[in-house]
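The values are calculated or read from the model by the stated rules, or taken from the named source; none is laboratory data. Remember, it's a predicted structure, so these values are computed and weren't measured experimentally. Neighbour counts are summed over all protein chains in view; Cβ atoms, including those assigned to glycine, are modelled from backbone coordinates with ideal geometry.
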Amino acid sequence: MKGTGRRVAKTANEAFAEAMRQIDPDVVAAYPITPATEIVQIFSQFVADGLVKTEFVAVESEHSAMSACIGASISGARAMTGTSSQGLALMWEMLYIAAALRLPIIMAVVNRALSAPINIHCDHSDTLGARDSGWIQIYSENVQETYDNVIQAVRIAEHPDVRLPVMVTTDGFILSHCLETIEMLTDEEVKEFIGEPPVRENLLKSLEENKPITIGALDLQDYYFEHKRQEAEAMKNALKVIPEIGKEFGEKFGRSYGFFEEYKLEDATVGIVVMGSTAGTGKDVVDELRKEGKKVGLLKIRVFRPFPFEEISKALSHLQVVGVMDRADGVNSYSGPVFPEICACLYDLEKRPKIVDFIYGLGGRDIRKEDIAGIFDGLLKIAETGKKEFNLKYIGVRE
C-alpha cells in the first residue's frame, strides 16, 4: 500500500502545522517566536475554523508553554507545541521534567542560532544544547522529511517501551520559509497510522477510578538514581522502536526511514557526516566529485538522540577519513557537539578512520558547494598522506 495523498507546495512551517492538524492533538500550548511563529499561527487558525478539536492555549512564555504541555500530558492528553532558539532555551528546566516524567509530548523545533548577538537564522546550537535533556531528537533534510517525521514522532513517543518526548527539527528559513513540493497523506491515513494513544497511567484516569497517584514527587537518594536509569533505558528502547516505525511508514506510504541515510558511502574512501538541510547540498557535491573519479560519500544523521552508535560505527568503519560537519560550536576550544559523538562510536575499532571537525554555517552563514568540495579535498589529502594537519577547522568565517 502507498499513500493516496496529494502533492502540494508547502514550507516546513506549513508542513508542521498540517501534520499537527491531521494528528489533531488534545492540547497545543505555545508562545510564538521567529522563525517558528507560523506553525502555531497557522494551527490556531485551524482551531478557530473548527478543523480540529484541539484546546489551544496561548501562554505568556515558552517556559509556560512546556509547563502547560506537561500538565496536559500528565492528565493523559496528547500534547504538542512548537518553538525555536531562545524559546527552547527558556524551556530548559521543563524539558528535563517532561522527559523524566516519561511524557510523550511532541515539539516542532525550527533551528535558529542562540543569542548573543541576536540572530534569527539557522544553526543547530539550540537543539544540540538540549541534546542531553532526555528528548528524542529527529533532524530533517527537507520539507517532506519534516512532515513525515512529525507523524512518526507520535508513534515513537507513545510506544509503551519508550514513552519519551520527541522534538522534530527543521532548519530555520532554509526550510521553514522555503516552498518545496511534498506528498501529503490523507487525513484518514494519518489517523490510521498514529491510531489511538495507548492507555497509560495518568492523573485524570487515577481520579476517575478513585485510585489517586502522585507524579513528580520529591525523589531523593532512595529512588532518584533508579528513575533516571529507567529513563535512560527508555532511550535505549527507542533504538529498536524508531527503525521499526520508519519501516512501517515506508511499507504504507513508500518513504522508509532509519537512523541515518548513507549516500554513496559503501565504496567511499572518505566521507562527511552532516545533519539537516546541508545534506542536500552535500549530496550534489558528492555527485560532482564522483564524476571526477573521487571516492567520496556522505552520512546524514536523522536521529541524533538516541545516538545510534553501533550502526554509525559500522557505516563509517571502512573509511580512511571522516569529516564531521558541525552547525554549532561547542565554544570549548576543541570541537562542535557532533564531533565527539562520532569519535566515541569509532574509538573501539581496531582500525579507526582519522576524524576531523568542521564548524560551519553559524547564524545562517551560507554553506556553498565550493566549501563542501574544499572539505572533501582536505579529507582526500589526509587519506593520501596519512597525516592530519588539524583537528578543527572553521568553514566560511572571516578570520
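In table form, for the structure just shown:
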{"item": "Failed condition for residue 334, given (1) in contact (Cβ under 8 Å) with a residue 60 or more places away in the chain; (2) under 29 Å from residue 115 (Cβ atoms)", "result": "(1)"}
{"item": "The lone exception for residue 273 - which of (1) surrounded by fewer than 24 Cβ atoms within 10 Å (Cβ to Cβ); (2) of a type in the set (A, V, I, L, M); (3) in a strand (DSSP E or B) it fails", "result": "(1)"}
{"item": "Test result for residue 228, surrounded by 11 or more Cβ atoms within 10 Å (Cβ to Cβ) and either out of contact with any helix residue (DSSP H, G or I) (no Cβ under 9 Å at 6 or more places or on another chain) or assigned to a loop (DSSP other than H, G, I, E, B) (or both)", "result": "no"}
{"item": "Contacts under 6 angstrom Cβ, first residue in the range 149-169 being more than 19 Å from residue 199 (Cβ to Cβ) and in the same structural domain as residue 192 (by TED's automatic domain parsing), partner among the hydroxyl-bearing types (Ser, Thr, Tyr) and assigned to a helix (DSSP H, G or I), 6 or more apart", "result": "169/127"}
{"item": "Residues within the range 374-387 that are under 31 Å from the mean Cα position of the chain (by Cα) and among the charged types (D, E, K, R), tallied", "result": "1"}
{"item": "Filtered residues of the range 381-399 (kept if within 12 Å of residue 356 (Cβ to Cβ), in a helix (DSSP H, G or I) and not small (Gly, Ala, Ser))", "result": "381, 382"}
{"item": "Count - residues of the range 289-317 that are over 18 Å from the mean Cα position of the chain (by Cα), buried (at least 22 other Cβ atoms within 10 Å of the Cβ) and outside any strand (DSSP E or B)", "result": "1"}
{"item": "Per-region count, the range 318-344, residues more than 13 Å from residue 273 (Cα to Cα) and either in the same structural domain as residue 123 (by TED's automatic domain parsing) or in a loop (DSSP other than H, G, I, E, B) (or both)", "result": "10"}
{"item": "Residue within the range 25-40 that is free of Cβ contacts under 8 Å to residues at least 60 places away in the same chain, more than 23 Å from residue 172 (Cα to Cα) and out of contact with any Phe, Trp or Tyr (no Cβ under 6 Å at 6 or more places or on another chain) present", "result": "yes"}
